[in-house]
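Participant: Provided herewith is a single structure, encoded as structure tokens, for subsequent inquiry.
The values are calculated or read from the model by the stated rules, or taken from the named source; none is laboratory data. Since we're looking at a predicted model, the values are computed, not measured. Note that we place each Cβ from the backbone using ideal geometry, even for glycine, and neighbour counts take in every protein chain shown. Side chains included, ligands, DNA and RNA excluded: accessible areas come from the protein's heavy atoms. Shrake-Rupley method; radii C 1.70, N 1.55, O 1.52, S 1.80 Å.
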Amino acid sequence: MARVDFFLTADMQFLVNEANTIQGFTNISMCSKATAASGVSHPEIIDRLAAHGLARAGRVA
């Protein structure tokens, strides 16, 4: 999970300015350790969250 700062152009394109982790969601945080304990690695949860966000936006990952 992250906070992403972006700009929206006049022709409705997003330009990513900066991506920041949300506190407590790094690869050494308790959230990552909890998902790892359930069999889901930190990179895999990131991939799942990105795919979910793209699917909700109507795009394919």
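Participant: Within 10 Å of each candidate Cβ there may be at most 13 other Cβ atoms; applying that plus a DSSP loop requirement, which trypsin sites (Lys or Arg not before Pro) in the chain survive?
Facilitator: Here the sparse-neighbourhood loop sites are 59.
Participant: Between residue 29 and residue 44, what is the label-to-label distance in nm when each label sits 7 Å out along the Cα-to-Cβ direction?
Facilitator: 2.0
Participant: Still on this structure: On a full-extension model of 0.36 nm per residue, what is the gain between residue 13 and residue 37, subtracting their alpha-carbon distance, rounded to one decimal in nm?
Facilitator: The residue 13-residue 37 span can extend by a further 4.8 nm.
Participant: Under the rule a/c < 1.5 gives rounded, and otherwise a/b versus b/c splits prolate from oblate, where does the stretch 3-58 land using the Cα gyration tensor?
Facilitator: oblate
Participant: Can you give the angle from 0 to 90° between the axis of helix 42-56 and the longest principal axis of the chain, with both taken from C-alpha atoms, to the nearest 10?
Facilitator: Helix 42-56 sits at roughly 40 degrees to that axis.
Participant: Write down the accessible area per residue of the chain in Å², having rolled a 1.4 Å probe over the full set of protein chains.
Facilitator: 82
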